[in-house]
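Contents: one structure, followed by commentary.
The values are calculated or read from the model by the stated rules, or taken from the named source; none is laboratory data. Treat the numbers as computed from the prediction; the structure is a model and nothing was measured. Every residue, glycine among them, receives a Cβ derived from its backbone with ideal geometry; neighbour counts consider all protein chains shown. For the accessible areas, the whole protein counts, side chains as well, though only heavy atoms, and no ligand, DNA or RNA atoms are used. Shrake-Rupley method; radii C 1.70, N 1.55, O 1.52, S 1.80 Å.
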Amino acid sequence: MSRPAKLLRSVPFLGSRAATTATSARTMERPVESEIRVKLEQGLAPTHLQVINESHMHAVPAGSETHFKVVVVSERFEGVPLLQRHRMVNEALKQELEVSVHALSIQAKTPRQWGAEPHIDRSPACLGGSKHDRHTVIKQGTVSKD
């Protein structure tokens with residue numbers, strides 16, 4: 001066994017502490033994304049979960065957390081119609097949708113569906129939306145009031 005491996009084995013808490021520190025840093029950097037992840041994990045017990053921040057594809061300031069795509073694969077979706085699955089996701093994220101999330105794209109599948117077709121739908125290009133609204137553009141600071 002290599003010396004670094006022996007050293008790591010002799011300090012068993014080091015690996016978990018580093019993982020906790022990395023998770024804490026990610027939570028501080030991306031609090032909305034982290035909260036979405038936590039609430040979906042707690043509410044739907046997914047076997048597969050992806051939370052994708054798509055804000056950079058829209059007319060929002062850099063670093064925003066306003067547009068998300070979630071891929072949720074859960075046994076709780078078995079026998080549940082697609083519309084009801086979306087309602088389950090929306091209910092789990094009710095507070096985020098009321099306060100900070102402007103748009104949420106949802107892929108809600110059963111493990112069997114995900115196993116047969118494990119891909120993420122591609123998001124359409126942003127058509128501009130509020131970037132053509134002068135009031136919004138001024139508010140974002142990308143153009144002067146004059």
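You can think of it this way: the chain between Arg30 and Glu75 has 13.4 nm of extra reach, that is 0.36 nm per residue less the Cα-Cα gap. Remark: the stretch 36-125 carries 57 Å² of accessible area per residue (probe radius 1.4 Å; ligands, DNA and RNA excluded). Projecting label points 7 angstrom from Cα along Cα→Cβ for Thr47 and Ala62 puts them 4.1 nm apart.
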